[in-house]
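Trainee: Can you keep this structure in mind? I'll have questions shortly.
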Amino acid sequence: MNPSQTQTNGNSPLPELSEQETQDLILAARKAKAHDIARQEYWDKVRSEPQPITLTPEVLGNSLLLNFHKQNGREFILDDMNIGVFNSLCKYFTGTPGEYDLTKGLMVCGNVGVGKTEMMRLFTTNPQASFGFIGCRQISDSYSFTANNESPEDMLRHYSVLRKAAKPHPYNCEQIGVCFDDLGTETIPAMNYGNSKNVMAEIIMNRYDNRLPYNMTHITTNLKGEMIKDLYGLRFLDRIRQMFNQVVFVSEKSRR
């Protein structure tokens, strides 16, 4: 067997690679490995349980004020009349022990125009318990003028349960609560084809009876204790004392 046949059969030593060829092969191998690592990290993240996002009260407060400025083109006014409430809500909505019971909702009270609604709107998206916003007058009107074949009782049930959170949600919430704005301004009782109902009393009592987490229900109102009892009854007053922290704006001056 001659030497040329030996080489053809693959018994000759492998050829040396040039320096450039070696560098090209190393670079290609490193890119392939980086791709494999990135792909594995992606699937590890997909399969892992979502981790709750935790914020300090200070970080949440700064973030909310920045977002308010971006969305409204003006600063959210903080002064001696509302800075205490703002700081307490930053603690509450980050799950930080403070002035309020973290297991209860918020009943934000104060005179007309002191900023109750705007303050609560500021906190709708938060890591502790995000919530939607709706006016009590709007709910009362919806009861009286239900549409799209929805019955009045269907409307009441809609507000008596937790709502699914829209996706994507910044804090991975599956469900969100609600803030009922301006309790006491709605029509009492609301009428629907001769049937009358104290709509907000019904909804709040339903949420209580359905054992929803108290911190998923909030209220803003100009009403005080005796006025609440007169409009909604003693049983309702007793329930809201169980369900809510009372947040009081002490200012007598309107911001409007």
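Where a number appears in this text, it was derived from the coordinates with a stated rule and is not lab data. Computed from a prediction, not measured in an experiment: that's the story for all the values here. Positions of Cβ are backbone-derived with ideal geometry, glycine not excepted, and every protein chain shown enters the neighbour counts.
Trainee: On a full-extension model of 0.36 nm per residue, what is the gain between Ser18 and Glu58, subtracting their alpha-carbon distance, rounded to one decimal in nm?
Mentor: 8.4 nm
Trainee: Still on this model: Taking every alpha carbon pair in region 26-138, what does the distance histogram look like in 5 angstrom bins from 0, in percent?
Mentor: 2, 9, 16, 17, 15, 9, 6, 6, 6, 5, 4, 3, 1, 1, 0
Trainee: Let me ask another. Around Asn245, which amide H atoms from residues at least 5 apart in sequence, or from another chain, sit under 5 Å from its own amide H, with H modelled in the peptide plane?
Mentor: Gly105, Leu106, Met107
Trainee: Out of (1) -0.22, -0.81, -1.25; (2) -0.39, -0.91, -1.23; (3) -0.28, -0.90, -1.17, which label holds the value of log10 I(q)/I(0) by the Debye sum over Cα atoms at q = 0.07, 0.13, 0.16 Å⁻¹ that was computed here?
Mentor: Of the labelled values, this structure produces (2).
Trainee: May I ask for the angle, rounded to the nearest 10°, between helix 234-243 and the longest principal axis of the chain, with both axes built from Cα atoms and the value confined to 0 to 90°?
Mentor: Once rounded, the angle reads 30 degrees.
Trainee: Would you mind checking the tilt of helix 199-209 against the longest principal axis of the Cα atoms of the chain, expressed as 0 to 90 degrees and rounded to 10?
Mentor: 60
Trainee: Follow-up question, since we're still on this one. Of the cross-linked pairs Lys33/Lys167; Lys91/Lys164; Lys70/Lys116; Lys31/Lys167; Lys70/Lys164, which ones have a Cα-Cα span greater than 31 Å in the structure shown?
Mentor: Correct reply: Lys33/Lys167; Lys31/Lys167.
Trainee: I would also like to ask the following. Order 118-129, 165-176, 184-195 from most to least packed using the mean count of other Cβ atoms within 10 Å.
Mentor: Details: 118-129: 18.8, 165-176: 13.4, 184-195: 14.9.
Going by the mean number of other Cβ atoms within 10 Å, highest first, we get 118-129, 184-195, 165-176.
Trainee: Now for a different question. Phe133 to Ser196: extension gain in nm, 0.36 nm per residue of separation minus the Cα-Cα distance?
Mentor: Value of the extension gain: 20.2 nm.
Trainee: Could I ask something else about it? Using only the alpha carbon atoms of region 99-248, find the Kirkwood hydrodynamic radius as the inverse mean reciprocal pair distance, in angstroms to one decimal. Before the final figure, lay out the partial values.
Mentor: Numbers: mean 1/r = 0.0634 Å⁻¹.
For region 99-248, the Kirkwood estimate is 15.8 Å.
Trainee: If you line up the long axis of helix 83-92 against the longest principal axis of the chain, both from Cα atoms, how many degrees apart are they, to the nearest 10?
Mentor: Long axis of 83-92 versus the principal axis of the chain: about 60 degrees.
Trainee: Which value, in debye to the nearest 20, describes the size of the charge dipole of region 92-176 about its Cα centre when Lys and Arg Cβ atoms bear +1, Asp and Glu Cβ atoms bear -1, and nothing else is charged?
Mentor: About 160 debye.
Trainee: Enumerate the amide H contacts of Val178 below 5 Å, restricted to partners 5 or more residues apart or on another chain; note that Pro and chain-start residues carry no placed amide H.
Mentor: Gly132, Thr217, His218
Trainee: Treat every Asp and Glu Cβ in the chain as -1 and every Lys and Arg Cβ as +1, leave all other atoms uncharged, and give the resulting dipole magnitude about the Cα centre to the nearest 20 debye.
Mentor: Taking the Cα centre of the chain as origin, the dipole is about 540 debye.
Trainee: Out of Ala32, His218, Gln128, whose Cα points farthest toward the positive end of the dipole of the chain (charges: +1 Lys, Arg; -1 Asp, Glu; placed on Cβ)?
Mentor: So the residue we want is His218.
Trainee: Within 10 Å of each residue's Cβ, count the other Cβ atoms and sort Met107, Met216 from fewest upward.
Mentor: In increasing order of surrounding Cβ atoms, one gets Met216, Met107.
Trainee: Another question, then. Find, among the trypsin sites (Lys or Arg not before Pro) in region 138-229, those assigned to loop by DSSP (not H, G, I, E, B) with at most 14 other beta-carbon atoms within 10 angstrom.
Mentor: Here the trypsin sites (Lys or Arg not before Pro) that fit, given the DSSP loop and packing criteria, are Arg211, Lys224.
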